[in-house]
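Asker: Quick one: the structure is below, questions incoming.
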2 protein chains.
Amino acid sequence: MAAYHIFKPDDAKAFADKHSGLFGEHSQLTAAEFGDGNLNLVFRVQNDKGSSLIVKQALPYARCVGESWPLTTDRARIEAEVLEQHGRVCPQHTVEVLHFDAELSAILLEDLKAYQILRHELIAGKQFKHLAGQMATYMAQSLFYSSDFYLSGPAKKAAVSRLLNPELCLITEDLFFSDPYCNHERNNIHSAILADAQKLWHDQALQAEVASLKADFLSKPQALLHGDLHSGSIFIKEDNCKVIDAEFGFYGPIGFDLGSLIGNLLLNYVACPGRFAQPQQAAEQEQYLLQQVSTLWQEFSQQFSQLMASECRDAALQNSHYQQQFLQQVLADSLGYAGCELIRRTVGLAHVADLDSISNASLRAQAEQRALALGRQLILQRTGLANISQVLNLVQYLQ
Amino acid sequence: MAAYHIFKPDDAKAFADKHSGLFGEHSQLTAAEFGDGNLNLVFRVQNDKGSSLIVKQALPYARCVGESWPLTTDRARIEAEVLEQHGRVCPQHTVEVLHFDAELSAILLEDLKAYQILRHELIAGKQFKHLAGQMATYMAQSLFYSSDFYLSGPAKKAAVSRLLNPELCLITEDLFFSDPYCNHERNNIHSAILADAQKLWHDQALQAEVASLKADFLSKPQALLHGDLHSGSIFIKEDNCKVIDAEFGFYGPIGFDLGSLIGNLLLNYVACPGRFAQPQQAAEQEQYLLQQVSTLWQEFSQQFSQLMASECRDAALQNSHYQQQFLQQVLADSLGYAGCELIRRTVGLAHVADLDSISNASLRAQAEQRALALGRQLILQRTGLANISQVLNLVQYLQ
């Protein structure tokens with residue numbers, strides 16, 4: 001095993017060559033780094049016949065900030081294990097891990113060349129009918145089979161312990177649940193909505209609910225989450241989508257993954273009037289997004305219910321009343337986390353292009369205000385919303 | 001370090017002698033095994049001047065069943081660490097650990113010779129005014145300082161991981177939450193209440209709530225619990241009490257420790273009419289027990305509130321609305337777990353002497369029926385009971 005060193009393209013080439021049968025002895029390999037993430041190097045290695053693989057290496061610091069923010073490279077181990085576990089139960093929607101090297105903190109992955117990043121596609125106004133249904137399947141499968149419904153107490157505890165992921169969880173604990181609700185220097189607030197952001201710092205009722213959501217994030221290891229399921233972590237093409245970037249994975253509340261994705265669909269939703277010159281275009285895209293939110297929950301809850309009914313291995317948790325209550329709580333949690341995502345992407349450190357790319361400053365401010373208002377209502381009303389129709393009513397009412 | 005071997009009295013003597021300065025070179029030591037527990041050897045080692053210490057060694061099997069039920073001796077490490085952690089924040093009510101040897105799975109402990117086992121004292125009708133107040137302090141301190149209010153995410157995750165305790169948790173998962181609600185061969189049901197026990201096996205509404213309590217036991221690591229806080233784990237004397245036997249310790253829901261103790265006070269309570277020949281005596285003891293339940297919750301919630309207000313180190317969790325909601329949830333959880341304790345001690349594998357020692361079979365059956373009825377109501381009504389007065393009303397109403 002080689003000692004850790006930061007990969008150059010030639011290292012990535014050698015790594016891919018060594019750990020895959022794809023390339024063959026006499027292939028001419030090329031490698032280029034193209035990562036735009038903040039924490040890692042990402043290389044595409046390809047041969048002269050057009051076959052290619054991805055080499056992802058964790059850097060010992062957060063790339064966006066520089067070497068001053070050290071970050072464990074152990075996250076590569078976590079990412080590899082999360083993707084492997086999710087890939088075992090839902091291979092069709094999880095990027096494939098071909099090899100992982102702990103010493104080098106490097107993962108060899110299938111190249112999703114035929115896919116595009118969902119966020120870019122949504123911003124461009126593209127619509128994929130299969131998105132919500134497939135992501136619902138990914139979450140139902142990956143979350144159910146890592147939950148107490150399926151794993152014994154001892155097996156789950158061992159998995160929880162292997163995937164504690166304290167350093168990356170801490171980033172979420174701070175950026176997601178704390179910074180937006182105080183005047184933190186890491187926040188990134190456009191001046192046009194400063195007054196709206198400041199209201200968050202004094203909103204005791206909202207902060208009480210966010211505290212509860214944070215406490216669950218800290219201490220509710222229901223299932224093995226992806227942990228960062230925004231629309232930049234989903235690759236999509238005409239007939240399929242696959243999840244990447246699982247380095248934030250850990251055992252947490254099931255609603256966190258659902259809420260992250262719902263939040264990102266709604267971030268795109270609130271930005272529609274600012275992005276489309278034609279109101280009709282905006283309305284169509286909004287309609288598409290709401291329908292995806294609805295399908296996402298309906299498909300997830302149906303598939304998860306079915307798994308609970310047929311595959312639950314803990315006799316005490318087979319009770320159907322309990323399972324219904326459980327799903328109701330997952331819905332409430334999901335809406336709460338979706339609300340947090342709307343807020344933190346608007347005023348926190350890490351913004352999303354859905355909002356930031358709106359060129360008209362006034363329209364952007366309106367979209368951002370809608371994101372904050374919608375986020376707030378989702379968090380405050382989450383336990384009172386009995387089903388996804390009521391959620392859609394709330395979203396549309398707030399327009 | 002010596003390899004593991006099962007201690008004889010001479011080994012216990014040598015172990016105590018080596019790891020304490022108490023005895024001195026020329027003391028004549030004697031040692032005798034006196035454990036009545038199910039999982040361990042317990043020796044008292046004393047010198048000719050009357051000084052004494054306790055040596056507790058974990059056996060590689062559950063003693064009550066025999067060598068056919070293997071059980072990790074690693075539980076000695078867990079017990080030592082839980083007692084040390086609790087002792088650090090609440091030394092006055094935690095038995096002192098003088099030495100721990102991992103290889104031998106042996107712990108050297110202070111001898112609580114001046115103390116009696118609380119269960120025996122309660123059965124004998126003794127009353128200790130300080131009991132509830134001191135145990136409230138023990139729980140407020142030990143639970144607060146191991147919670148997310150005080151520990152950072154990474155520090156807490158590391159502690160959770162060290163103290164997963166999967167094997168002993170599994171015993172609780174089965175005996176506490178599963179067996180009593182089905183016709184399990186491990187159950188121990190007196191024939192006079194068989195019909196009452198059978199109702200539990202078909203009570204879907206109750207089972208749904210027990211499932212929820214079990215799910216929290218599995219996946220709500222709020223704080224480092226004692227994990228087995230019944231009245232046999234509490235030693236008491238005129239002016240003090242101390243907690244022993246922490247081998248079931250792990251990070252779980254705060255209400256579990258509170259509920260275990262409340263449940264044990266109520267087990268003694270329902271047995272009063274069967275134990276005392278004089279109704280007046282029974283009524284006085286009942287009054288004492290209810291007042292202890294009330295003080296336990298009031299003192300705990302007051303002290304825990306104060307700690308949350310003054311010592312909380314997570315800014316997001318400092319919100320006072322949240323802290324109130326949190327305590328309300330702890331009360332509901334506590335009542336639920338108290339209800340489970342009442343039920344499982346009546347129909348499950350491990351009974352309590354409070355009930356079993358009632359010599360009149362008809363009175364014993366009445367007490368057991370009251371335990372089941374009260375347990376059921378506490379579980380079903382737990383989220384609707386707003387304060388401890390309402391709880392006491394429920395208890396008295398059910399008489």
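The values are calculated or read from the model by the stated rules, or taken from the named source; none is laboratory data. As the structure is a computational prediction, the values presented were derived from the model and not from experiment. No Cβ is skipped: glycine too gets one built from the backbone with ideal geometry, and neighbour counts run over all protein chains shown. The protein model used for the area step is the full one, side chains on, heavy atoms only, and it has no ligands, DNA or RNA in it. Shrake-Rupley method; radii C 1.70, N 1.55, O 1.52, S 1.80 Å.
Asker: Over the C-alpha atoms of chain B, what are the Rg and the largest Cα-to-Cα span, Dmax, in Å?
Answerer: So, for chain B, Rg and Dmax equal 21.0, 66 Å respectively.
Asker: If each Cα of the protein assembly as shown is one equal point scatterer, what is log10 of I(q)/I(0) from the Debye formula at q = 0.06, 0.10 Å⁻¹?
Answerer: -0.44, -1.08
Asker: Compare A:ALA136, A:ALA159, A:ALA106 in a GNM of chain A, Cα atoms joined below 10 Å, and give the one with the largest fluctuation.
Answerer: For chain A, modelled as a Gaussian network with Cα springs under 10 Å, the answer is A:ALA159.
Asker: Here is a follow-up. Comparing B:SER320, B:SER52, B:SER178, which has the greatest mean-square fluctuation in the GNM of chain B with Cα pairs linked when under 10 Å apart?
Answerer: With Cα springs under 10 Å in chain B, the top fluctuation among B:SER320, B:SER52, B:SER178 is at B:SER320.
Asker: Toward the positive end of the charge dipole of the protein assembly as shown, about the Cα centre and with charges on Cβ (Lys, Arg +1; Asp, Glu -1), which of B:THR30, A:ALA211, A:THR137 goes farthest?
Answerer: A:ALA211
Asker: Of B:SER178, A:ALA246, B:GLY274, which is farthest along the charge dipole of the protein assembly as shown in the positive direction, counting Lys and Arg as +1 and Asp and Glu as -1 at C-beta?
Answerer: Positive-most Cα among the choices belongs to B:GLY274.
Asker: Is region B:119-244 best put as rounded, prolate or oblate by its Cα gyration tensor, with a ≥ b ≥ c the root eigenvalues, rounded for a/c under 1.5, and otherwise prolate when a/b is larger than b/c, oblate when not?
Answerer: oblate
Asker: OK, next. Work out from phi, with θ = phi - 60° and the Karplus expression 6.51 cos²θ - 1.76 cosθ + 1.60, the ³J(HN,Hα) of each residue of region A:179-191, listed in order in whole Hz, and give x for Gly and Pro.
Answerer: My calculation for region A:179-191 gives 3, x, 9, 8, 7, 8, 5, 6, 4, 10, 10, 5, 4 Hz in order.
Asker: How far apart are the A:GLU185 label points across copies, placing each 7 Å from Cα toward Cβ, in nm, shortest first?
Answerer: 6.6
Asker: As a test, work out the antiparallel percent of DSSP beta bridges whose residues both lie in chain A, rounded to the nearest 5.
Answerer: If we restrict to bridges inside chain A, about 95 percent are antiparallel.
Asker: Mind checking the per residue accessible area of the protein assembly as shown for me, 1.4 Å probe, whole number of Å²?
Answerer: 38
Asker: How far, in nm to one decimal, is B:ALA32 from itself in the other copies if the label point is set 7 angstrom along Cα toward Cβ? Shortest first, please.
Answerer: Listed shortest first, these distances are 8.5 nm.
Asker: Lysines within cross-link reach of A:LYS8: Cα-Cα under 17 Å, excluding same-chain residues under 8 positions apart?
Answerer: List returned: A:LYS18, A:LYS56.
Asker: Classify region B:9-110 as rounded, prolate or oblate from the Cα gyration tensor: take a ≥ b ≥ c as the square roots of its eigenvalues, call it rounded if a/c is under 1.5, otherwise prolate when a/b beats b/c and oblate if not.
Answerer: In terms of gyration-tensor shape, oblate.
Asker: Nearest the rotation axis from B to A, which residue of chain B has its beta carbon, and at what whole-angstrom distance?
Answerer: Reported as residue, whole Å: B:SER161, 2.
Asker: Right, here's the next one. For the protein assembly as shown, give the magnitude of the charge dipole about the Cα centre (Cβ charges: +1 Lys/Arg, -1 Asp/Glu; no others), in debye to the nearest 20.
Answerer: The calculated dipole for the protein assembly as shown is roughly 1060 debye.
Asker: Ordered shortest first, which distances in nm separate the 7 Å Cα→C-beta label point of A:ASN240 from those of the other copies?
Answerer: A:ASN240 label point versus its equivalents elsewhere: 6.8 nm.
Asker: In nm, give the distance between the simple-model label positions of B:TRP69 and B:SER310, each being 7 Å from the Cα along the Cα-to-Cβ direction.
Answerer: Placing both labels 7 Å along Cα→Cβ, they lie 4.4 nm apart.
Asker: Using a 7 Å offset from Cα along Cα-Cβ at B:VAL89, what residues in region B:155-185 end up with backbone N under 12 Å from the label point?
Answerer: Answer for region B:155-185: B:156.
Asker: Just the ratio, please: alpha-carbon radius of gyration of region B:87-146 over 2.2 N^0.38 Å, N its number of residues.
Answerer: 1.37
Asker: Counting only DSSP beta bridges with both residues in the protein assembly as shown, what percent are antiparallel, rounded to the nearest 5?
Answerer: 95
Asker: Another question, if that's okay. Only Lys, Arg, Asp and Glu count, each charged at its Cβ (+1, +1, -1, -1), so figure out the dipole size of region B:9-110 about its Cα centre, rounded to 20 debye.
Answerer: Rounded to the nearest 20 debye, it is 180 debye.
Asker: Using amide H atoms built in the peptide plane, which far-off residues or other-chain residues are under 5 Å from B:ALA62 H to H?
Answerer: HN-HN under 5 Å from B:ALA62: B:TRP69, B:LEU71.
Asker: While we're looking at this one, here's another question. What is the average number of partner chain Cβ atoms found within 10 Å of a Cβ in B:312-318?
Answerer: 6
Asker: Which shape class, rounded, prolate or oblate, goes with region B:325-399 when its Cα gyration tensor gives a ≥ b ≥ c as root eigenvalues, a/c under 1.5 marks rounded, and past that a/b bigger than b/c marks prolate?
Answerer: prolate
Asker: In addition: Pairs on different chains or at least eight residues apart, Cα atoms closer than 24 Å: how many lysine pairs in region B:116-398 fit?
Answerer: 9
Asker: Another question, then. Output the DSSP H helices from chain B with an along-axis C-alpha extent of no less than 20 Å and a mean Kyte-Doolittle hydropathy no less than -1.0.
Answerer: B:75-89, B:204-219, B:254-275, B:279-311, B:320-347, B:361-381
Asker: Of A:ALA316, A:ILE379, A:ASN165, which is farthest towards the positive pole of region A:116-398's charge dipole, taken about the Cα centre with +1 and -1 on the beta-carbons of Lys, Arg and Asp, Glu respectively?
Answerer: Projecting each Cα onto the dipole axis, the largest value belongs to A:ALA316.
Asker: Please state the charge dipole magnitude for chain A, taken about the Cα centre, from unit charges on C-beta atoms (+1 on K and R, -1 on D and E), reported in debye and rounded to the nearest 20.
Answerer: Dipole magnitude for chain A comes out near 540 debye.
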